[in-house]
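First comes the structure, then the notes that go with it.
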2 protein chains.
Amino acid sequence: MATGRTHRPATRSRGIPEATVARLPLYLRALTALSERSVPTVSSEELAAAAGVNSAKLRKDFSYLGSYGTRGVGYDVEYLVYQISRELGLTQDWPVVIVGIGNLGAALANYGGFASRGFRVAALIDADPAMAGKPVAGIPVQHTDDLEKIIDDNGVSIGVIATPAGAAQQVCDRLVAAGVTSILNFAPTVLSVPEGVDVRKVDLSIELQILAFHEQRKAGEEAAADGAGPVAAARKKSADKGPDGDVPAVMPA
Amino acid sequence: MATGRTHRPATRSRGIPEATVARLPLYLRALTALSERSVPTVSSEELAAAAGVNSAKLRKDFSYLGSYGTRGVGYDVEYLVYQISRELGLTQDWPVVIVGIGNLGAALANYGGFASRGFRVAALIDADPAMAGKPVAGIPVQHTDDLEKIIDDNGVSIGVIATPAGAAQQVCDRLVAAGVTSILNFAPTVLSVPEGVDVRKVDLSIELQILAFHEQRKAGEEAAADGAGPVAAARKKSADKGPDGDVPAVMPA
DNA sequence: AGCTGTGAAAACCTTCACAGCG
DNA sequence: CGCTGTGAAGGTTTTCACAGCT
(Lines give C-alpha, C1' and ligand atoms only; values in the text may rest on other atoms or scores of the structure.)
Protein backbone atom coordinates (compact mmCIF):
# COMPACT_ATOMS: atom_id res chain seq x y z
CA MET A 1 0.00 0.00 0.00
CA ALA A 2 2.61 2.46 1.01
CA THR A 3 4.45 3.54 -2.06
CA GLY A 4 7.88 3.90 -0.62
CA ARG A 5 10.28 4.05 -3.51
CA THR A 6 12.53 1.42 -2.12
CA HIS A 7 10.88 -0.41 0.66
CA ARG A 8 13.11 -2.45 2.80
CA PRO A 9 12.13 -6.05 3.52
CA ALA A 10 12.71 -5.27 7.16
CA THR A 11 12.67 -8.88 8.13
CA ARG A 12 14.49 -8.24 11.34
CA SER A 13 14.22 -10.62 14.19
CA ARG A 14 12.25 -7.98 16.04
CA GLY A 15 10.27 -7.05 12.93
CA ILE A 16 6.51 -6.84 13.12
CA PRO A 17 4.92 -7.79 9.78
CA GLU A 18 3.54 -4.86 7.85
CA ALA A 19 0.10 -6.46 7.66
CA THR A 20 0.05 -6.65 11.43
CA VAL A 21 1.14 -3.04 11.86
CA ALA A 22 -1.72 -1.96 9.62
CA ARG A 23 -4.19 -3.69 11.92
CA LEU A 24 -2.87 -2.44 15.23
CA PRO A 25 -4.74 0.88 14.96
CA LEU A 26 -7.93 -1.10 14.43
CA TYR A 27 -7.38 -3.12 17.57
CA LEU A 28 -6.49 0.02 19.43
CA ARG A 29 -9.72 1.69 18.45
CA ALA A 30 -11.79 -1.29 19.55
CA LEU A 31 -9.87 -1.49 22.81
CA THR A 32 -10.32 2.20 23.48
CA ALA A 33 -14.06 1.79 23.10
CA LEU A 34 -14.01 -1.10 25.58
CA SER A 35 -11.89 0.93 27.93
CA GLU A 36 -14.39 3.76 27.88
CA ARG A 37 -17.07 1.30 28.84
CA SER A 38 -14.81 0.13 31.67
CA VAL A 39 -14.63 -3.42 30.37
CA PRO A 40 -11.70 -4.98 32.21
CA THR A 41 -10.80 -7.94 30.00
CA VAL A 42 -11.66 -9.22 26.57
CA SER A 43 -11.16 -12.49 24.72
CA SER A 44 -9.54 -12.72 21.31
CA GLU A 45 -12.90 -13.76 19.92
CA GLU A 46 -14.73 -10.70 21.22
CA LEU A 47 -12.02 -8.24 20.34
CA ALA A 48 -11.65 -9.71 16.88
CA ALA A 49 -15.37 -9.27 16.26
CA ALA A 50 -15.19 -5.65 17.38
CA ALA A 51 -12.26 -4.99 15.09
CA GLY A 52 -13.74 -6.85 12.15
CA VAL A 53 -11.10 -9.57 11.81
CA ASN A 54 -10.99 -13.21 12.80
CA SER A 55 -9.62 -14.32 16.11
CA ALA A 56 -6.75 -16.47 14.84
CA LYS A 57 -5.37 -13.49 12.97
CA LEU A 58 -5.67 -11.29 16.00
CA ARG A 59 -3.88 -13.76 18.23
CA LYS A 60 -1.12 -14.16 15.69
CA ASP A 61 -0.80 -10.39 15.44
CA PHE A 62 -0.53 -10.03 19.19
CA SER A 63 2.01 -12.81 19.35
CA TYR A 64 4.44 -10.53 17.50
CA LEU A 65 4.15 -7.98 20.27
CA GLY A 66 4.70 -10.41 23.07
CA SER A 67 2.64 -12.54 25.41
CA TYR A 68 0.20 -10.03 26.73
CA GLY A 69 -2.78 -12.29 27.36
CA THR A 70 -3.81 -14.65 30.10
CA ARG A 71 -4.79 -18.16 29.08
CA GLY A 72 -8.25 -19.10 30.06
CA VAL A 73 -9.15 -15.45 30.55
CA GLY A 74 -8.22 -13.13 27.72
CA TYR A 75 -6.49 -9.78 27.50
CA ASP A 76 -6.42 -6.97 30.02
CA VAL A 77 -7.92 -4.05 28.15
CA GLU A 78 -5.96 -1.20 29.75
CA TYR A 79 -2.70 -3.03 29.52
CA LEU A 80 -3.18 -3.84 25.86
CA VAL A 81 -4.17 -0.27 25.05
CA TYR A 82 -0.92 0.85 26.54
CA GLN A 83 1.21 -1.77 24.82
CA ILE A 84 -0.23 -1.14 21.40
CA SER A 85 0.00 2.61 21.85
CA ARG A 86 3.62 2.26 22.76
CA GLU A 87 4.33 -0.06 19.85
CA LEU A 88 2.75 2.41 17.44
CA GLY A 89 4.66 5.29 18.94
CA LEU A 90 1.56 7.07 20.15
CA THR A 91 2.88 7.71 23.62
CA GLN A 92 4.74 10.61 22.17
CA ASP A 93 3.54 13.76 20.49
CA TRP A 94 3.68 13.96 16.71
CA PRO A 95 3.48 17.45 15.27
CA VAL A 96 2.01 17.34 11.77
CA VAL A 97 1.74 19.93 9.02
CA ILE A 98 -0.97 20.00 6.41
CA VAL A 99 -0.02 21.51 3.08
CA GLY A 100 -2.78 22.64 0.77
CA ILE A 101 -5.73 24.14 2.56
CA GLY A 102 -8.49 23.71 0.01
CA ASN A 103 -11.70 21.86 0.71
CA LEU A 104 -9.93 18.68 1.65
CA GLY A 105 -7.13 20.29 3.62
CA ALA A 106 -9.63 22.29 5.63
CA ALA A 107 -11.66 19.16 6.30
CA LEU A 108 -8.52 17.40 7.50
CA ALA A 109 -7.63 20.32 9.75
CA ASN A 110 -11.08 20.08 11.29
CA TYR A 111 -11.01 16.32 11.59
CA GLY A 112 -11.16 15.42 15.25
CA GLY A 113 -9.51 12.04 14.84
CA PHE A 114 -6.21 13.73 14.12
CA ALA A 115 -5.86 15.33 17.48
CA SER A 116 -7.27 12.43 19.44
CA ARG A 117 -4.24 10.18 19.19
CA GLY A 118 -0.96 11.90 19.75
CA PHE A 119 -1.14 13.86 16.53
CA ARG A 120 -1.15 17.62 16.72
CA VAL A 121 -1.72 19.89 13.76
CA ALA A 122 1.30 22.15 14.18
CA ALA A 123 0.70 24.27 11.11
CA LEU A 124 -1.40 24.75 7.99
CA ILE A 125 0.38 25.80 4.84
CA ASP A 126 -1.00 27.09 1.56
CA ALA A 127 0.42 28.68 -1.56
CA ASP A 128 -2.37 31.22 -1.88
CA PRO A 129 -1.26 34.54 -0.33
CA ALA A 130 -4.90 35.48 0.13
CA MET A 131 -5.25 32.69 2.67
CA ALA A 132 -2.29 33.70 4.77
CA GLY A 133 -3.33 34.58 8.29
CA LYS A 134 -6.86 33.34 7.85
CA PRO A 135 -7.68 30.85 10.57
CA VAL A 136 -8.91 27.38 9.63
CA ALA A 137 -9.99 25.17 12.50
CA GLY A 138 -8.56 27.81 14.77
CA ILE A 139 -5.11 27.65 13.22
CA PRO A 140 -3.83 30.50 11.06
CA VAL A 141 -2.78 29.48 7.56
CA GLN A 142 0.83 30.23 6.70
CA HIS A 143 2.39 30.76 3.34
CA THR A 144 4.41 28.14 1.49
CA ASP A 145 7.43 30.44 1.47
CA ASP A 146 7.93 29.70 5.13
CA LEU A 147 7.58 25.93 4.79
CA GLU A 148 11.16 25.08 5.72
CA LYS A 149 11.16 27.34 8.75
CA ILE A 150 7.83 25.96 9.96
CA ILE A 151 9.05 22.37 9.68
CA ASP A 152 12.21 23.20 11.50
CA ASP A 153 10.70 25.33 14.26
CA ASN A 154 8.14 22.70 15.10
CA GLY A 155 10.29 19.63 14.71
CA VAL A 156 7.84 18.17 12.24
CA SER A 157 8.56 14.75 10.78
CA ILE A 158 5.14 13.91 9.37
CA GLY A 159 3.58 15.91 6.54
CA VAL A 160 0.17 15.70 4.94
CA ILE A 161 -0.16 16.73 1.31
CA ALA A 162 -3.62 17.89 0.22
CA THR A 163 -2.62 20.06 -2.70
CA PRO A 164 -3.70 19.65 -6.31
CA ALA A 165 -1.84 16.86 -8.12
CA GLY A 166 0.34 19.27 -10.03
CA ALA A 167 1.90 20.78 -6.93
CA ALA A 168 2.31 17.58 -4.93
CA GLN A 169 5.77 16.45 -6.03
CA GLN A 170 7.22 19.90 -5.55
CA VAL A 171 5.73 20.21 -2.09
CA CYS A 172 6.93 16.72 -1.30
CA ASP A 173 10.49 17.54 -2.33
CA ARG A 174 10.51 20.61 -0.11
CA LEU A 175 9.06 18.73 2.84
CA VAL A 176 11.67 16.02 2.50
CA ALA A 177 14.50 18.50 2.10
CA ALA A 178 13.31 20.24 5.24
CA GLY A 179 13.49 17.01 7.22
CA VAL A 180 10.09 15.35 6.91
CA THR A 181 10.44 11.58 6.68
CA SER A 182 6.82 10.42 6.56
CA ILE A 183 4.20 11.67 4.16
CA LEU A 184 0.50 11.08 3.86
CA ASN A 185 -0.48 11.94 0.32
CA PHE A 186 -4.01 12.83 -0.72
CA ALA A 187 -3.05 14.16 -4.13
CA PRO A 188 -3.84 11.73 -6.97
CA THR A 189 -0.27 11.32 -8.08
CA VAL A 190 2.66 9.02 -7.47
CA LEU A 191 5.29 10.68 -5.32
CA SER A 192 8.89 9.78 -5.68
CA VAL A 193 10.97 10.12 -2.55
CA PRO A 194 14.46 9.13 -1.46
CA GLU A 195 15.07 5.97 0.47
CA GLY A 196 14.18 6.21 4.12
CA VAL A 197 11.11 8.33 3.54
CA ASP A 198 7.74 6.61 3.95
CA VAL A 199 4.79 7.56 1.83
CA ARG A 200 1.23 6.41 2.28
CA LYS A 201 -1.45 7.47 -0.08
CA VAL A 202 -5.16 7.95 0.18
CA ASP A 203 -6.94 8.20 -3.12
CA LEU A 204 -10.68 8.51 -3.13
CA SER A 205 -11.00 7.93 -6.81
CA ILE A 206 -9.03 4.69 -6.63
CA GLU A 207 -11.21 3.36 -3.83
CA LEU A 208 -14.31 4.05 -5.87
CA GLN A 209 -12.84 2.35 -8.90
CA ILE A 210 -12.12 -0.78 -6.88
CA LEU A 211 -15.70 -0.77 -5.67
CA ALA A 212 -16.93 -0.31 -9.21
CA PHE A 213 -14.98 -3.36 -10.29
CA HIS A 214 -16.68 -5.55 -7.71
CA GLU A 215 -20.01 -3.94 -8.36
CA GLN A 216 -19.74 -4.79 -12.01
CA ARG A 217 -18.76 -8.33 -11.20
CA LYS A 218 -21.80 -8.70 -8.98
CA ALA A 219 -24.07 -7.38 -11.68
CA GLY A 220 -22.63 -9.88 -14.12
CA GLU A 221 -23.10 -12.85 -11.82
CA GLU A 222 -26.60 -11.76 -11.04
CA ALA A 223 -27.48 -11.78 -14.69
CA ALA A 224 -26.00 -15.22 -15.15
CA ALA A 225 -27.44 -16.98 -12.11
CA ASP A 226 -30.45 -14.79 -11.39
CA GLY A 227 -31.84 -14.35 -7.94
CA ALA A 228 -29.11 -16.19 -6.13
CA GLY A 229 -28.09 -13.19 -4.07
CA PRO A 230 -28.76 -13.30 -0.36
CA VAL A 231 -29.44 -9.59 -0.26
CA ALA A 232 -31.58 -7.38 -2.41
CA ALA A 233 -30.52 -8.99 -5.63
CA ALA A 234 -33.78 -8.03 -7.21
CA ARG A 235 -32.32 -4.64 -7.73
CA LYS A 236 -31.43 -3.37 -11.12
CA LYS A 237 -29.10 -0.63 -12.17
CA SER A 238 -30.93 2.04 -14.10
CA ALA A 239 -27.96 3.72 -15.66
CA ASP A 240 -26.69 0.50 -17.12
CA LYS A 241 -25.91 0.37 -20.77
CA GLY A 242 -27.23 -3.09 -21.30
CA PRO A 243 -26.41 -5.79 -18.79
CA ASP A 244 -26.62 -8.49 -21.37
CA GLY A 245 -24.42 -6.73 -23.85
CA ASP A 246 -21.80 -6.29 -21.18
CA VAL A 247 -20.46 -9.76 -21.64
CA PRO A 248 -16.68 -9.71 -21.74
CA ALA A 249 -15.77 -9.46 -25.36
CA VAL A 250 -12.16 -10.21 -24.70
CA MET A 251 -10.53 -9.92 -28.04
CA PRO A 252 -6.94 -8.86 -28.44
CA ALA A 253 -6.29 -6.96 -31.59
CA MET B 1 -19.16 -19.74 13.40
CA ALA B 2 -18.40 -16.19 14.30
CA THR B 3 -20.80 -13.51 13.29
CA GLY B 4 -18.08 -11.53 11.62
CA ARG B 5 -18.86 -10.72 8.03
CA THR B 6 -15.52 -9.98 6.59
CA HIS B 7 -16.19 -9.86 2.90
CA ARG B 8 -14.75 -12.89 1.22
CA PRO B 9 -14.03 -12.11 -2.42
CA ALA B 10 -14.39 -15.78 -3.26
CA THR B 11 -12.60 -15.17 -6.54
CA ARG B 12 -15.18 -16.48 -8.92
CA SER B 13 -15.19 -17.07 -12.61
CA ARG B 14 -12.82 -14.62 -14.26
CA GLY B 15 -10.60 -14.28 -11.22
CA ILE B 16 -8.35 -11.28 -11.23
CA PRO B 17 -6.35 -11.20 -7.98
CA GLU B 18 -7.45 -8.55 -5.56
CA ALA B 19 -3.97 -7.07 -5.41
CA THR B 20 -4.06 -6.62 -9.16
CA VAL B 21 -7.48 -4.98 -9.12
CA ALA B 22 -6.19 -2.48 -6.58
CA ARG B 23 -3.41 -1.46 -8.97
CA LEU B 24 -5.47 -1.15 -12.12
CA PRO B 25 -6.63 2.39 -11.25
CA LEU B 26 -2.99 3.35 -10.82
CA TYR B 27 -2.09 2.08 -14.26
CA LEU B 28 -5.13 3.75 -15.68
CA ARG B 29 -4.13 7.10 -14.27
CA ALA B 30 -0.62 6.82 -15.67
CA LEU B 31 -1.99 5.75 -19.04
CA THR B 32 -4.46 8.61 -19.12
CA ALA B 33 -1.62 11.05 -18.58
CA LEU B 34 0.29 9.46 -21.47
CA SER B 35 -2.80 9.56 -23.62
CA GLU B 36 -3.21 13.28 -23.00
CA ARG B 37 0.35 13.77 -24.16
CA SER B 38 -0.51 11.74 -27.25
CA VAL B 39 2.06 9.08 -26.50
CA PRO B 40 1.10 6.13 -28.73
CA THR B 41 2.86 3.22 -27.05
CA VAL B 42 4.63 2.51 -23.79
CA SER B 43 6.83 -0.28 -22.49
CA SER B 44 6.17 -2.14 -19.27
CA GLU B 45 9.29 -0.52 -17.85
CA GLU B 46 8.16 3.03 -18.55
CA LEU B 47 4.60 2.52 -17.48
CA ALA B 48 5.69 0.78 -14.32
CA ALA B 49 7.90 3.72 -13.41
CA ALA B 50 5.03 6.13 -13.97
CA ALA B 51 2.74 4.05 -11.79
CA GLY B 52 5.32 3.49 -9.08
CA VAL B 53 5.58 -0.30 -9.31
CA ASN B 54 8.13 -2.64 -10.85
CA SER B 55 7.79 -3.89 -14.36
CA ALA B 56 7.51 -7.58 -13.61
CA LYS B 57 4.53 -6.92 -11.40
CA LEU B 58 2.91 -4.79 -14.04
CA ARG B 59 3.36 -7.42 -16.73
CA LYS B 60 1.99 -10.09 -14.43
CA ASP B 61 -0.98 -7.89 -13.64
CA PHE B 62 -1.72 -7.30 -17.31
CA SER B 63 -1.38 -10.99 -18.03
CA TYR B 64 -4.55 -11.54 -15.99
CA LEU B 65 -6.44 -9.26 -18.33
CA GLY B 66 -5.19 -10.87 -21.50
CA SER B 67 -2.40 -10.41 -23.99
CA TYR B 68 -2.72 -6.78 -24.81
CA GLY B 69 0.92 -5.96 -25.58
CA THR B 70 3.15 -6.39 -28.57
CA ARG B 71 6.48 -8.11 -28.02
CA GLY B 72 9.44 -6.00 -28.89
CA VAL B 73 7.27 -2.88 -28.81
CA GLY B 74 5.13 -2.43 -25.73
CA TYR B 75 1.51 -1.55 -25.11
CA ASP B 76 -0.79 0.62 -27.18
CA VAL B 77 -1.82 3.39 -24.81
CA GLU B 78 -5.34 4.03 -26.09
CA TYR B 79 -6.16 0.38 -26.32
CA LEU B 80 -4.98 -0.32 -22.81
CA VAL B 81 -6.90 2.65 -21.43
CA TYR B 82 -10.00 1.17 -22.92
CA GLN B 83 -9.37 -2.36 -21.74
CA ILE B 84 -8.64 -1.36 -18.18
CA SER B 85 -11.59 1.01 -18.08
CA ARG B 86 -13.83 -1.76 -19.23
CA GLU B 87 -12.39 -4.22 -16.75
CA LEU B 88 -12.97 -1.77 -13.92
CA GLY B 89 -16.49 -1.07 -15.07
CA LEU B 90 -15.81 2.55 -15.85
CA THR B 91 -17.40 2.49 -19.24
CA GLN B 92 -20.70 2.81 -17.51
CA ASP B 93 -22.10 5.52 -15.34
CA TRP B 94 -22.06 5.05 -11.55
CA PRO B 95 -24.38 7.28 -9.61
CA VAL B 96 -23.09 7.79 -6.09
CA VAL B 97 -24.64 9.30 -2.98
CA ILE B 98 -22.69 10.95 -0.22
CA VAL B 99 -24.23 10.77 3.22
CA GLY B 100 -23.04 13.21 5.86
CA ILE B 101 -22.28 16.64 4.48
CA GLY B 102 -19.95 18.01 7.12
CA ASN B 103 -16.48 19.25 6.36
CA LEU B 104 -15.39 15.99 4.86
CA GLY B 105 -18.59 15.27 2.98
CA ALA B 106 -18.52 18.73 1.45
CA ALA B 107 -14.89 18.27 0.45
CA LEU B 108 -15.77 14.97 -1.20
CA ALA B 109 -18.67 16.56 -3.05
CA ASN B 110 -16.29 19.18 -4.39
CA TYR B 111 -13.57 16.70 -5.25
CA GLY B 112 -13.05 16.73 -8.98
CA GLY B 113 -11.66 13.22 -9.14
CA PHE B 114 -15.09 11.83 -8.43
CA ALA B 115 -16.71 13.08 -11.56
CA SER B 116 -13.75 12.46 -13.81
CA ARG B 117 -14.14 8.72 -14.18
CA GLY B 118 -17.65 7.50 -14.60
CA PHE B 119 -18.73 8.51 -11.13
CA ARG B 120 -21.50 11.03 -10.75
CA VAL B 121 -22.60 12.50 -7.45
CA ALA B 122 -26.31 11.83 -7.73
CA ALA B 123 -27.27 13.23 -4.34
CA LEU B 124 -26.02 14.64 -1.06
CA ILE B 125 -27.79 13.56 2.11
CA ASP B 126 -27.57 14.95 5.62
CA ALA B 127 -29.50 14.49 8.84
CA ASP B 128 -29.49 18.18 9.71
CA PRO B 129 -32.78 19.78 8.61
CA ALA B 130 -31.05 23.14 8.51
CA MET B 131 -28.92 21.93 5.62
CA ALA B 132 -31.80 20.74 3.49
CA GLY B 133 -31.98 22.59 0.23
CA LYS B 134 -28.66 24.30 0.71
CA PRO B 135 -26.46 23.66 -2.31
CA VAL B 136 -23.03 22.14 -1.82
CA ALA B 137 -20.86 21.89 -4.90
CA GLY B 138 -23.93 22.91 -6.86
CA ILE B 139 -26.03 20.04 -5.55
CA PRO B 140 -28.83 20.67 -3.07
CA VAL B 141 -28.55 18.72 0.15
CA GLN B 142 -31.48 16.41 0.88
CA HIS B 143 -32.71 15.12 4.19
CA THR B 144 -32.01 11.65 5.51
CA ASP B 145 -35.72 10.93 5.66
CA ASP B 146 -35.76 10.61 1.91
CA LEU B 147 -32.72 8.35 1.70
CA GLU B 148 -34.56 5.28 0.45
CA LYS B 149 -36.42 7.19 -2.22
CA ILE B 150 -33.26 8.92 -3.41
CA ILE B 151 -31.39 5.62 -3.74
CA ASP B 152 -34.24 4.09 -5.62
CA ASP B 153 -34.98 7.00 -7.93
CA ASN B 154 -31.38 7.29 -8.97
CA GLY B 155 -30.54 3.60 -9.18
CA VAL B 156 -27.65 4.10 -6.79
CA SER B 157 -25.53 1.10 -5.91
CA ILE B 158 -22.51 2.86 -4.41
CA GLY B 159 -22.76 4.91 -1.24
CA VAL B 160 -20.20 7.06 0.53
CA ILE B 161 -20.50 7.46 4.29
CA ALA B 162 -18.95 10.61 5.74
CA THR B 163 -21.03 10.87 8.89
CA PRO B 164 -19.75 10.87 12.45
CA ALA B 165 -18.84 7.41 13.71
CA GLY B 166 -21.95 7.11 15.82
CA ALA B 167 -24.30 7.41 12.88
CA ALA B 168 -22.37 5.29 10.41
CA GLN B 169 -23.80 1.84 11.12
CA GLN B 170 -27.35 3.12 11.06
CA VAL B 171 -26.80 4.92 7.78
CA CYS B 172 -25.07 1.83 6.42
CA ASP B 173 -28.02 -0.39 7.32
CA ARG B 174 -30.44 1.94 5.58
CA LEU B 175 -28.28 2.20 2.49
CA VAL B 176 -28.01 -1.57 2.26
CA ALA B 177 -31.70 -2.08 2.84
CA ALA B 178 -32.40 0.41 0.07
CA GLY B 179 -30.25 -1.57 -2.35
CA VAL B 180 -26.74 -0.19 -2.08
CA THR B 181 -24.16 -2.98 -2.44
CA SER B 182 -20.87 -1.08 -2.27
CA ILE B 183 -19.88 1.32 0.47
CA LEU B 184 -16.95 3.62 0.90
CA ASN B 185 -16.68 4.38 4.59
CA PHE B 186 -14.89 7.42 5.96
CA ALA B 187 -16.29 7.09 9.47
CA PRO B 188 -13.79 5.66 11.94
CA THR B 189 -15.81 2.59 12.76
CA VAL B 190 -16.13 -1.00 11.64
CA LEU B 191 -19.27 -1.52 9.60
CA SER B 192 -21.01 -4.83 9.60
CA VAL B 193 -22.84 -5.69 6.44
CA PRO B 194 -24.53 -8.75 4.99
CA GLU B 195 -22.71 -10.99 2.60
CA GLY B 196 -22.57 -9.64 -0.90
CA VAL B 197 -22.00 -6.07 0.16
CA ASP B 198 -18.52 -4.65 -0.30
CA VAL B 199 -17.10 -2.15 2.12
CA ARG B 200 -13.88 -0.23 1.72
CA LYS B 201 -12.71 2.10 4.39
CA VAL B 202 -10.59 5.18 4.43
CA ASP B 203 -9.34 6.16 7.84
CA LEU B 204 -7.05 9.13 8.13
CA SER B 205 -6.17 8.42 11.70
CA ILE B 206 -5.13 4.86 10.91
CA GLU B 207 -2.86 5.98 8.11
CA LEU B 208 -1.14 8.43 10.43
CA GLN B 209 -0.69 5.77 13.07
CA ILE B 210 1.00 3.48 10.58
CA LEU B 211 3.33 6.31 9.62
CA ALA B 212 4.04 7.00 13.28
CA PHE B 213 5.06 3.38 13.76
CA HIS B 214 7.66 3.57 11.03
CA GLU B 215 8.74 7.00 12.13
CA GLN B 216 9.40 5.69 15.58
CA ARG B 217 11.34 2.77 14.21
CA LYS B 218 13.51 5.11 12.17
CA ALA B 219 14.18 7.28 15.21
CA GLY B 220 15.24 4.23 17.16
CA GLU B 221 17.69 3.07 14.52
CA GLU B 222 19.07 6.55 14.18
CA ALA B 223 19.83 6.68 17.87
CA ALA B 224 21.91 3.56 17.55
CA ALA B 225 24.16 5.24 14.99
CA ASP B 226 23.75 8.88 16.00
CA GLY B 227 22.48 11.35 13.48
CA ALA B 228 21.34 14.60 15.06
CA GLY B 229 17.91 14.29 13.50
CA PRO B 230 15.40 17.11 13.74
CA VAL B 231 13.07 15.06 15.81
CA ALA B 232 14.80 13.45 18.70
CA ALA B 233 12.03 12.45 21.03
CA ALA B 234 13.80 9.22 21.69
CA ARG B 235 11.83 6.76 23.68
CA LYS B 236 13.29 4.00 25.63
CA LYS B 237 12.87 0.80 23.75
CA SER B 238 12.20 -1.90 26.27
CA ALA B 239 13.12 -5.45 25.52
CA ASP B 240 10.69 -8.18 24.73
CA LYS B 241 8.65 -8.61 27.84
CA GLY B 242 10.20 -5.95 29.94
CA PRO B 243 7.55 -5.27 32.56
CA ASP B 244 9.32 -2.41 34.17
CA GLY B 245 7.86 0.97 35.00
CA ASP B 246 4.93 0.52 32.71
CA VAL B 247 1.61 2.16 33.05
CA PRO B 248 -1.07 0.78 35.34
CA ALA B 249 -0.52 -2.31 37.35
CA VAL B 250 -0.82 -5.46 35.39
CA MET B 251 -3.73 -7.05 37.05
CA PRO B 252 -4.37 -10.62 36.16
CA ALA B 253 -7.58 -11.97 37.60
C1' DA C 1 -12.82 -26.24 31.28
C1' DG C 2 -11.46 -22.14 28.63
C1' DC C 3 -8.51 -19.39 26.05
C1' DT C 4 -3.96 -18.01 24.50
C1' DG C 5 0.19 -18.72 21.77
C1' DT C 6 2.25 -20.95 17.93
C1' DG C 7 4.18 -24.44 14.75
C1' DA C 8 2.64 -26.17 10.34
C1' DA C 9 -0.17 -25.98 6.21
C1' DA C 10 -2.46 -23.42 2.86
C1' DA C 11 -3.36 -19.38 0.26
C1' DC C 12 -1.83 -15.48 -1.72
C1' DC C 13 1.46 -12.21 -3.76
C1' DT C 14 5.90 -10.78 -5.71
C1' DT C 15 10.08 -11.44 -8.08
C1' DC C 16 13.07 -14.01 -11.06
C1' DA C 17 14.57 -15.40 -15.31
C1' DC C 18 13.92 -16.85 -19.68
C1' DA C 19 11.20 -18.78 -23.61
C1' DG C 20 8.99 -17.00 -27.43
C1' DC C 21 7.39 -13.75 -30.59
C1' DG C 22 7.46 -9.46 -33.37
C1' DC D 1 17.60 -7.38 -30.86
C1' DG D 2 13.86 -5.84 -27.50
C1' DC D 3 10.11 -6.60 -24.98
C1' DT D 4 6.10 -9.28 -23.54
C1' DG D 5 4.09 -13.17 -21.21
C1' DT D 6 4.65 -16.71 -17.86
C1' DG D 7 6.20 -20.96 -15.34
C1' DA D 8 8.79 -21.51 -11.22
C1' DA D 9 10.91 -19.87 -7.04
C1' DG D 10 10.72 -17.17 -3.08
C1' DG D 11 8.34 -14.40 0.30
C1' DT D 12 4.50 -12.89 2.98
C1' DT D 13 -0.06 -13.41 5.08
C1' DT D 14 -3.86 -16.12 6.57
C1' DT D 15 -5.85 -20.06 8.46
C1' DC D 16 -5.80 -24.36 10.93
C1' DA D 17 -5.55 -27.00 14.84
C1' DC D 18 -3.78 -28.17 19.03
C1' DA D 19 -0.25 -28.01 22.81
C1' DG D 20 0.13 -25.73 26.98
C1' DC D 21 -0.97 -22.64 30.62
C1' DT D 22 -4.39 -20.63 34.05
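What pairs from A:LYS218/B:LYS57; A:LYS60/B:LYS201; A:LYS149/B:LYS57; A:LYS57/A:LYS218; A:LYS57/B:LYS60; A:LYS60/A:LYS149 go past 32 Å between their alpha carbons? Show your work: numbers first, answer last.
Values: A:LYS218/B:LYS57 27 Å; A:LYS60/B:LYS201 23 Å; A:LYS149/B:LYS57 40 Å; A:LYS57/A:LYS218 28 Å; A:LYS57/B:LYS60 29 Å; A:LYS60/A:LYS149 44 Å.
The answer is A:LYS149/B:LYS57; A:LYS60/A:LYS149.
List the distances, in nm and shortest first, from the label point of A:GLY112 to the matching label points in every other copy, placing each point 7 Å from Cα along the Cα-to-Cβ direction.
Counterpart label points of A:GLY112 in the remaining copies fall at 3.3 nm.
Can you give the mean number of other chain Cβ atoms that lie within 10 Å of the Cβ atoms in peptide A:67-78? Write out the running numbers ahead of the final one.
Details: counts 2, 2, 1, 3, 0, 1, 2, 1, 0, 6, 0, 5.
Neighbouring Cβ atoms belonging to other protein chains average 2 per residue here.
State in Å² the accessible area per residue of segment B:94-203; use a 1.4 Å probe, count heavy atoms of protein chains only, and round to the nearest integer. Write out the running numbers ahead of the final one.
Numbers: 4040 Å² over 110 residues.
Per-residue accessible area for segment B:94-203 comes out at 37 Å².
Shielding of A:83-89 by partners, i.e. mean partner chain Cβ atoms within 10 Å per residue? Display every interim value, and only then the final one.
Details: counts 2, 1, 2, 7, 2, 9, 12.
Neighbouring Cβ atoms belonging to other protein chains average 5 per residue here.
Rounded, prolate or oblate for segment A:18-88? Axes are the square roots of the Cα gyration tensor eigenvalues, ordered a ≥ b ≥ c, and the cut-off for rounded is a/c under 1.5.
Rounded, because the longest to shortest axis ratio a/c is under 1.5.
Hey, got the dipole for segment A:94-205? About the Cα centre, +1 on K and R Cβ, -1 on D and E Cβ, debye to the nearest 20? Mind dumping the intermediate values first?
Details: 7 positive and 11 negative charges, 79 e Å.
That gives a dipole near 380 debye.
With all distinct Cα pairs included, what does the Kirkwood hydrodynamic radius of segment B:94-203 come out to in Å, to one decimal, could you say?
13.6 Å is the Kirkwood radius here.
Per residue of A:178-184, what is the mean number of Cβ atoms on other protein chains within 10 angstrom of that residue's Cβ? Provide the component values of the computation, followed by the final result.
Values: counts 1, 3, 3, 9, 8, 1, 5.
Mean shielding by partner chains, rounded to a whole number: 4.
Give me, ordered by chain and number, the residues 5 or more places off A:ARG117 or on other chains with an amide H under 5 Å from its own placed amide H.
none
Residue by residue, what Karplus-based ³J(HN,Hα) values in Hz, rounded to whole numbers, does segment A:103-120 have, using 6.51, -1.76 and 1.60 with θ = phi - 60° and x for Gly and Pro?
Computed from phi, the couplings for segment A:103-120 are 4, 5, x, 5, 4, 5, 4, 7, 5, x, x, 4, 5, 4, 10, x, 9, 10 Hz.
At A:GLN170, with labels set 7 Å past Cα in the Cβ direction, how many nm apart are the copies from this one, shortest first?
4.6
B:GLU45 label points, 7 Å along Cα→Cβ, one per copy: pairwise distances from this copy to the rest in nm, shortest first?
5.7
Arranged from highest to lowest average of other beta-carbon atoms within 10 Å per residue, in what order do the peptides A:160-171, A:56-67 appear? Numbers along the way, then the final one.
On the way: A:160-171: 20.0, A:56-67: 16.2.
Highest mean packing first, the order is A:160-171, A:56-67.
The values are calculated or read from the model by the stated rules, or taken from the named source; none is laboratory data. Here the structure is a predicted model, which means the values were calculated and not measured. Positions of Cβ are generated from backbone atoms using ideal geometry, with glycine treated the same way; all protein chains shown enter the neighbour counts. Surface areas here come from the heavy atoms of the whole protein model, side chains and all, with no ligands, DNA or RNA. Shrake-Rupley method; radii C 1.70, N 1.55, O 1.52, S 1.80 Å.
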